[in-house]
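The structure appears right after this line, and notes come after that.
The values are calculated or read from the model by the stated rules, or taken from the named source; none is laboratory data. Because the structure is predicted, anything quoted here is derived from the model rather than measured. Cβ sites come from the backbone with ideal geometry, for glycine too, and all protein chains shown count toward neighbours. Ligands, DNA and RNA are excluded from the accessible area calculation, which covers all protein heavy atoms including side chains. Shrake-Rupley method; radii C 1.70, N 1.55, O 1.52, S 1.80 Å.
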Amino acid sequence: MAKIILTQEVTGLGAAGDVVTVKNGYARNYLLPRGFAVTWTVGGERQVESIRAARAARVKANLEDAKATAAALAGKHVVVSHKAGADGRLFGTVKAEHVADAIAAAGAGDVDKRTINLGSAIKRTGSYTVTVRLHEDVVANVELDVVAA
């Protein structure tokens, strides 16, 4: 097991500044190469404090922005057009970045694709509900309509 310090929020694991223990392969192959974490050291404790202080300042600033964005997203119907066959089955899947682009095009503001939770893979045309986690305490639901291009 590897002890690591998260440098940014990882869904299901923790927030920036948290010290967590994960399996060696997960840390070595996923978290460390992508910059989501650094290895824990005794000197790293000072780094943990600076990450937590920066996160606290960011949380205060982002809470108001998150509430405003959630109000803009409330009740929005976002349309994503994707290439599909005659039976409504998509060629590929709708990804979080497609939804983020559609939200921006709808005029609801810029949303980071990492905050969008599709639930399961969207492989057919139809209506779906997508969750956008804007802040630890602010979650917005967006109605997504997938249509054939």
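For this structure, a couple of remarks:
- Once the Cα atoms are used to define both axes, helix 44-73 deviates from the longest principal axis of the chain by about 20 degrees.
- Cross-link reach list, lysines versus residue 23, counting only Cα pairs under 19 Å and skipping chain neighbours closer than eight places: 3
- Under 27 Å of direct C-alpha separation, and excluding same-chain neighbours fewer than eight residues apart, residue 83 reaches these lysines: 95, 113, 123.
- Antiparallel bridges, percent of DSSP beta bridges restricted to the chain (to nearest 5): 80 percent
- Between segment 117-145 and segment 26-68, the alpha-carbon center distance in angstrom: 25 Å
- Per-residue SASA remark: residue 81, around 80 Å² accessible (1.4 Å probe; ligands, DNA and RNA not included).
- Between helix 96-105 and the chain: long-axis angle, C-alpha atoms, 0 to 90°, nearest 10: 70 degrees
- Residue of 59, 42, 111 that the Gaussian network model of the chain assigns the largest fluctuation, springs spanning Cα pairs under 10 Å: 42
- In the context of the full set of protein chains, residues of the chain present 59 Å² of accessible surface per residue (probe radius 1.4 Å, heavy atoms only).
- (i) 1.02; (ii) 0.94; (iii) 1.07, with the label sought being that of the calculated Rg/Rh (Cα atoms, Kirkwood Rh): (iii)
- Placing unit charges on the Cβ atoms only, positive for Lys and Arg and negative for Asp and Glu, gives the chain a dipole magnitude near 480 debye about its Cα centre.
- Qualifying trypsin sites (Lys or Arg not before Pro) in segment 69-121, DSSP loop, other Cβ atoms within 10 Å at most 13: 83
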